[in-house]
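J.: This is the structure I want to talk about, given as structure tokens.
The values are calculated or read from the model by the stated rules, or taken from the named source; none is laboratory data. Given the structure is predicted, the values throughout are model-derived calculations rather than measurements. Note: ideal-geometry Cβ built from the backbone for every residue, glycine included; neighbour counts use all protein chains shown.
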Amino acid sequence: MLIQNQILLELQYFPPVQYFTKLLHYDTIYIEAQEHYQKGSYRNRCEIAGANGILRLSIPLEKGKNEQQSIQEVRIAYHEPWQAHHWESIQSAYGNAPFFLHYADNIQPFYEKHYTLLWDWNWDLLKTIAQLVGIQSDIKFTNEYQKIAPPEMLDIRNAIHPKAHRRQHDNCFKAIRYPQVFEEKHGFLPNLSILDLLFCTGPEALSILHSSFANDQMLDARE
């Protein structure tokens with residue numbers, strides 16, 4: 001049986017909990033750096049838990065955001081104050097979370113700085129969150145695009161997706177329940193942005209990520 005200790009995935013905006021279980025449990029992580037931008041994914045959006053349920057935050061992009069554009073050339077648009085809106089939404093959602101004040105100063109500066117490229121924004125956010133959670137991963141970038149990944153590499157590009165019909169079933173992930181800010185109102189909402197786990201559980205986030213990983217290979221079957 002082939003043991004896949006390398007994993008390939010795309011760069012996302014404050015990815016879901018599931019994404020971070022991969023960073024934690026594979027020896028080498030490859031991020032696809034040669035793909036074309038794909039709309040409707042977590043590349044420029046994330047999901048948090050607001051007072052009215054799941055709240056989707058989307059980064060507006062400059063025109064030309066089509067699937068023929070290199071992911072490293074996608075430009076962020078600033079024709080609307082989306083950074084202020086996103087941060088206000090995060091504050092509203094997690095201002096009463098146990099660890100919001102502990103981590104807010106690490107995250108708020110991103111919403112005060114203008115990044116030109118989506119890639120740079122997402123990469124800096126990923127490094128920051130991984131450090132806050134306590135994940136020390138060996139992350140590399142691909143130097144060429146391969147439609148089919150090498151056999152020793154688990155390819156989950158586009159497997160973690162906001163749209164149910166695009167999402168892949170994952171035997172490696174099980175959503176571990178943890179206290180959420182609006183749980184009494186909406187029940188537990190699984191696999192939200194890593195922000196939800198971090199603000200709600202703080203130092204326990206790493207342990208929850210460990211518990212959320214099941215030692216099986218991902219299935220290719222669609223949900």
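J.: I need every pair where a residue in segment 131-146 that is of a type in the set (S, T, N, Q) has its Cβ under 8 Å from the Cβ of a residue that is surrounded by fewer than 16 Cβ atoms within 10 Å (Cβ to Cβ), sequence separation at least 6 or different chains.
T.: Listed pairs, sorted by first residue: Thr142/Gln34; Asn143/Gln34.
Matching residues to (1) assigned to a helix (DSSP H, G or I); (2) under 21 Å from Ile107 (Cβ atoms); (3) out of contact with any His (no Cβ under 9 Å at 6 or more places or on another chain):
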position: Leu125; (1), (2), (3): yes, yes, yes
position: Ser137; (1), (2), (3): no, yes, yes
position: Lys140; (1), (2), (3): no, no, yes
position: Pro150; (1), (2), (3): no, no, yes
position: Arg157; (1), (2), (3): no, no, yes
position: Asp170; (1), (2), (3): no, no, yes
position: Tyr178; (1), (2), (3): no, yes, yes
position: Leu195; (1), (2), (3): yes, yes, yes
position: Ala205; (1), (2), (3): yes, yes, yes
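J.: Still on this structure: Kindly provide the set of residues from segment 99-123 that are in a loop (DSSP other than H, G, I, E, B) and either small (Gly, Ala, Ser) or surrounded by 14 or more Cβ atoms within 10 Å (Cβ to Cβ) (or both), ordered by number.
T.: Start the filter on segment 99-123 by keeping residues that are in a loop (DSSP other than H, G, I, E, B), which leaves 99, 112-116.
If the condition is that a residue be in a loop (DSSP other than H, G, I, E, B) and either small (Gly, Ala, Ser) or surrounded by 14 or more Cβ atoms within 10 Å (Cβ to Cβ) (or both), then Phe99, Tyr115 are the ones that fit.
J.: Still on this model: Taking the stated definitions as given, is Gln217 farther than 25 Å from Gln38 by Cα, surrounded by fewer than 19 Cβ atoms within 10 Å (Cβ to Cβ) and modelled with pLDDT under 95? Reasoning before the result, please.
T.: Working: farther than 25 Å from Gln38 by Cα: yes; surrounded by fewer than 19 Cβ atoms within 10 Å (Cβ to Cβ): yes; modelled with pLDDT under 95: yes.
The answer is yes for Gln217.
J.: Suppose we keep only residues that are free of Cβ contacts under 8 Å to residues at least 24 places away in the same chain and in a loop (DSSP other than H, G, I, E, B) within segment 180-189. Which one would you say is surrounded by the fewest Cβ atoms within 10 Å (Cβ to Cβ)? Please lay out each step first, then the result.
T.: Let us first name the residues in segment 180-189 that are free of Cβ contacts under 8 Å to residues at least 24 places away in the same chain, namely 183-184, 187-188.
After this cut, where a residue has to be in a loop (DSSP other than H, G, I, E, B) as well, the list is 187-188.
Values: Gly187: 11, Phe188: 13.
My answer is Gly187.
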